[in-house]
1. Reported to two decimal places, what Rg/Rh ratio describes segment 130-256 when computed on Cα atoms with Rh from the Kirkwood expression?
2. For a quick check, take a GNM of the chain with Cα springs below 10 Å and name the residue from GLU54, GLU15, GLU106 with the largest mean-square fluctuation.
3. I'd like the distance between the alpha-carbon centres of segment 72-134 and segment 186-201, rounded to an integer number of Å.
4. With each run of n ≥ 4 DSSP H residues scored as -39500 (n - 2.57), what mean residue ellipticity at 222 nm is computed for the chain after dividing by its residue count and rounding to the nearest 500 deg cm²/dmol?
5. Karplus couplings for segment 279-290 from phi (6.51 cos²θ - 1.76 cosθ + 1.60, θ = phi - 60°), rounded to Hz, Gly and Pro as x?
6. Nearest 5 is fine: what % of DSSP beta bridges in the chain come out antiparallel, could you say?
7. Starting from the amide H of GLY229, placed 1.01 Å from N in the peptide plane, find each other amide H under 5 Å away whose residue is 5 or more places distant or on another chain.
8. Two decimals, Cα atoms only, Kirkwood Rh: what is Rg/Rh over segment 191-273?
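Since every read-out is calculated from the coordinates, none of them should be taken as a lab result. Here the structure is a predicted model, which means the values were calculated and not measured. Cβ sites come from the backbone with ideal geometry, for glycine too, and all protein chains shown count toward neighbours.
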Amino acid sequence: MRAGSTNYSMASVKEIAGMLALDQPGDIEALYAEARNVRRQTSGDIVYLRGLFEVSNQCRKDCFYCGIRASNTDVERYQLRYGDILSSCKWAMQKGFGSIVLQAGERQDKAYKGWIERLVAGIREISGDVLKITLSLGEQDSETYKRWYDAGAERYLLRIETSSRELYKSMHPADHDFDVRLNCLRELKEIGYQVGTGVMIGLPGQELEDLARDLLFFRDMDADMIGMGPYLYHSKTPMGAKFGVPDSSRQLELGLKMLACARILLRDVNLAATTALEAIRVNGRELGISAGANVVMPNLTETLYRGNYCLYQDKPGTDKDAVQSLEFLKEEIKRSGCEIGWNRAGDAPHFKARTCLAEATA
Ligand code: 5AD
C-alpha cells in the first residue's frame, strides 16, 4: 500500500507492515503528510493538552520492562498528596487546560481505591465540568471502575502493551494475564468510559507484522484513544539487562511511523505524542504531532517526585517544572503548524461517533 491511496479501512497485516517498512525519506514524509491530512479532516489541526499527574509509583506488578516494577528496590516510592493535586488542578484550569490524567502504578487495595474515588470526586467538585478526568491506574475489578466512573472520571487508558499473546507472555511474570487485561478493556467500555489503549513499539523480538496486528487490534476493539511509544531501556529491569540499549534512531522512526499508520487507519481517534518520543529526541513530541498525533500530556507532577517515576531511563522533564515545560511545549506545537485547543476537553471524535450510533440504534 502506498501513502496517499484511499481505502485503508480494510488494510491487511501485510499492507500495514509494508508501510511500517518504508525506508526512503520521501516515502516516509509522504506517509506523515497523509497522516496530517487525515487529522485535518477528522479533528482539525488542533492539539489537546492533558495535564499529567504521576500520582504514585507504588506498584504491585512486576513487568519485565518497567523501571517502577515491584522488584526494583532502588526506587523510592511516593504518593502525591490530595491537597497538592487539587491545587495543581486549579492551576491547570487557570492556564486553560481542559483535561487531566491521573496515572500511577497498579494498586488494588481498598484504602487506595477509596482514596482515588475521593480524589476524582474532589477534582470534579472544584472544577465543575471544566476538567475532564482520565484515569490510567491499571487493572481493577469492574466494581472499582464503575465507582471511579460514578465519581466523575470519564476516560480510561489501559495499554495492552502488545496484542501478541506470545510476546506478552515473554514480557511479564506468569501471573500477569493477557486475558485479564482484555477483559478490563471490555468492562471499561461497557461502563461507558472513553477507552484508550496502546502498545510499546520496537520491543525485542517484535516484528513489523506484530505492530501491524496491534493497529488492527485497536481498530477491532473500537478504541477511542491511542497512547503508544517506543520501548526504552532501563538498566534495573530484566529486559534491560538481557537486551541492552535499543537503537534510538530506529525506535524513534518506528514510533513515528506507527503514529502515522494509526492516524491513517483509525482516522478519528485521539492519538498521543507520548513522553517516550521526547526521551529519544528533545522535540520528539513535535515530530509526533507532525506524524499525525493530536494529544500531548504535559507533566504537572511536582518536580520533586518526577525522578522517582522512571519507567525507563533518561525520562525527560525531571529537571523542569510545569511552567517551563509548558512554554517549551507551546513552541513545539506552534512549529508543527497546529494550534492548542485551550479550555477544551477534546473528546475523541471516534467516541462521539460510536456513542451516537449506539443511541440511534438502541
Ligand atoms: N519503555 C517504554 N515504555 C514503557 N512503559 C513501561 N516501561 C517502559 C519502557 N521501558 C510504558 C508501558 C506502560 C506505560 C505507563 O509506560 O507501556 O503502560
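1. On the way: Rg = 15.6 Å, Rh = 15.7 Å.
So for segment 130-256, dividing Rg by the Kirkwood Rh gives 0.99.
2. Checking each option, the largest mean-square fluctuation is seen for GLU15.
3. What the calculation gives is 19 Å, centre to centre.
4. Values: 15 runs with 172 residues, N = 362.
Taken over the chain, the calculation gives -14500 deg cm²/dmol.
5. 5, 8, 9, 4, 9, x, 6, 4, 4, x, 5, 5
6. Values: 1 of 32 bridges.
Taking every DSSP beta bridge within the chain, about 5 percent pair in antiparallel fashion.
7. Result for GLY229 returns VAL199, ILE201.
8. Details: Rg = 13.7 Å, Rh = 13.6 Å.
Expressed as Rg/Rh, it is 1.01.
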